[in-house]
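The values are calculated or read from the model by the stated rules, or taken from the named source; none is laboratory data. This structure is a prediction, so every number in the text was calculated from the model and none was measured. Note that we place each Cβ from the backbone using ideal geometry, even for glycine, and neighbour counts take in every protein chain shown. In case anyone asks, the SASA skips ligands and DNA or RNA and just uses the protein heavy atoms, side chains included. Shrake-Rupley method; radii C 1.70, N 1.55, O 1.52, S 1.80 Å.
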Amino acid sequence: MTENEKINETTQQNEQTNIAEKPAEENISASKPAGTDTAEKKNSPSRNTAVPEGTDTKAKKPMSAKKRHRLISIVTCLLIIAAVILVNVIAATLTSRLSGMTADITSKHSFEISSRTREIAEKTGKQVTITILSDRISYINYDPYCRQTAMLVEEMERVSGGMIKVEYTDIVRNPSFTDKYPDEELSKTDIIVSCADKYVHLTPAELFTFENYSGNYQYIASSHAEEEINNAIVTVTNEQVTNVALITDYTNEDYTYFAKSLTSKGYTVRELSLLSSDIPEDTDMAVIFAPSQDYSSENTDKIRSFISNNGKYGKNLLFISETNDNNIPNLDKLLEEYGLGVGHGYAFEADGSKINASSTNFFDGVLCNYASDEYTELVKESGKPVITGYSRPVMVIEPDHCTALLTYSEYSGICPFDAGEDWDYSDAISGKTIVLAKGATGTENASSTIIVSGSCRPFSRSYYGSDYANSLYLSTMLASVNGRDTSRITVAEKVITEFDLKLDKQTAMTLGFIVYAFIPILILGAGFVVFLRRINR
């Protein structure tokens, strides 16, 4: 073999070796038929190939795990917040529309209505409106007891079947509302219970029990709003009519509060003067209110005629004495005919425990004893006395058919109007001085009742509208005398105490551990687990 042939053979072996060492792709390309590469180049993208305007030439990358987790977290939080809001809206709607959806967990069930209250609300046969003279938010935020009262009347509305309606009227923003009650002094914390043209005006003093704290500061210690509202509903729905003639001749005392209190109890009160008119025949009770001078013989005869009622009797007289010394021989004679009289002097009380703390003498703010069991059933349940002051002694001339109703203690007596500086009260103590009594006249089949009070103070706003038993006792007395229903709905007063939950010590400790320890630890643990899983991915 020549030198050239050896060179050619070596060259061919090297070429075969290079072909064998090339990658598979090059081998495949090398084995492709002719023209294949050209066709693929035509179908493949090229840097010089024209791309339509607006076409995204970059490939879309998948969302990273971090962004995906963040999005899921945000969506989950939003769903949880929306669920919480929805649940609260549903719960608020249900509890406002359906009775029984709320729960009272106070130890004395201070926010629940009693079975008696529920019965009254369910059996109310007339449309009754309970108007709170403030907007709802302001009223319930004024005091916890106001909130309790609002919940009480709203629950009564729910169970009444539409017969009781609760309204909130802000008299500051709506002053024209007061025009409906021109004789009332309305406040934004008052309540009016009305039915047709009858109404009862309830003030905080009638709804709540106030106690003094640190001087002149007062706070609400308990509530009897449920009882007062129940009785107001009974009063305004009562169809019984009792006509009262309020004789105002020669009076210098304010009788408006007493007149309004009679109206609120369902009486029809008409003021009149015997100087210009007679007592109407349909009058059931006449009231002579604190005359400062005597009536004429003609006018006292009008009263006699009224009491006898042409021999039918069945009429009643309330004589309220003027507290100052006056000369009223015709009226004195009239009272003596029925076995009663008014003494000339002041009744005094020497027992300091029987005098109101605000009083500065023996004559005013005296707490009376009940001398008879008549009309006392309700007041004895309350344990409260009647308060009076500057009272003239009432004389029981004929004890056989006259009865003492209210007296002072055994350490009481009478101070003459003309007592000098040398007068010593200890020498005048006679004991059990009478300040309210009643007598009767008539036949076996019918009689008229005469009641005499030694003072107009028990019927004044300061005493009749106080927390003492004046209103309860005197209204019961007058209702009984006039044949009205004397029954009164009684509901135990309610007390709200701070943190008043019906929980025993063990239950309270368990709930405290769950709220203050277990739940926070559970949340922290869950957060820690999530944190570990996130950093280990």
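Points to keep in mind about this one:
- Amide H to amide H distances under 5 Å link MET395 with GLY341, VAL342, GLY343, where only residues 5 or more positions off or on other chains count and H is placed in the peptide plane.
- Amide hydrogen proximity for GLU167: with H placed 1.01 Å from N in the peptide plane, the residues at 5 or more positions away or on another chain lying under 5 Å are ILE130, THR131, ILE132.
- The Cβ shell under 12 Å around LEU317 holds other residues with a net charge of +2, Lys and Arg each +1, Asp and Glu each -1.
- The distance linking region 372-446 with region 229-270 is 25 Å (Cα centroid to Cα centroid, whole angstrom).
- Residue-count net charge about LEU202 - beta-carbon cut-off 10 Å; Lys, Arg +1, Asp, Glu -1: -3
- Global form of region 165-243, assessed from the alpha-carbon gyration tensor, a/c cut-off 1.5: oblate
- Region 252-296 pair-distance distribution - Cα-Cα, 5 Å bins, rounded %: 5, 16, 28, 26, 18, 6, 1
- In the structure shown, the pairs LYS265/LYS438; LYS265/LYS354; LYS123/LYS494 are assessed against 26 Å; a Cα-Cα span above that value is assigned to LYS265/LYS354.
- GLU271 versus GLN127: modelled label distance in nm, points set 7 Å from Cα along the beta carbon direction: 3.2 nm
- Prolate/oblate/rounded label for region 103-201 (Cα gyration tensor, a/c 1.5): oblate
- Restricting the GluC sites (Glu not before Pro) of region 225-282 to loop positions (DSSP other than H, G, I, E, B) with no more than 14 neighbouring Cβ atoms within 10 Å leaves GLU239, GLU281.
- Overall form of region 206-264 per C-alpha gyration tensor (a/c, 1.5; a/b vs b/c): oblate
- Neighbourhood charge, 13 Å Cβ-Cβ cut-off, centred on GLU228 and excluding it, Lys, Arg +1 and Asp, Glu -1: -3
- Region 299-412: mean projected area of Cα convex hull, nm²: 8.7 nm²
- Amide proton proximity set for GLN218, modelled H, under 5 Å, gap of 5+: TYR213
- From phi via Karplus (6.51, -1.76, 1.60), per-residue ³J(HN,Hα) for region 150-156 in Hz, x at Gly/Pro: 4, 5, 4, 5, 5, 5, 4
- Globularity index of region 194-301, i.e. its alpha-carbon radius of gyration over 2.2 N^0.38 Å: 1.41
- Model label points for ARG118 and TYR168, set 7 angstrom from Cα along the Cα-to-Cβ axis, are 2.6 nm apart.
- Of the trypsin sites (Lys or Arg not before Pro) found in region 294-378, those in coil by DSSP whose Cβ has at most 14 other Cβ atoms within 10 Å are LYS312.
- Principal axis box of region 111-265, alpha-carbon based, largest edge first, Å: 50, 46, 31
- Within the full protein context, the accessible area of ASP422 is estimated at about 140 Å² for a probe radius of 1.4 Å.
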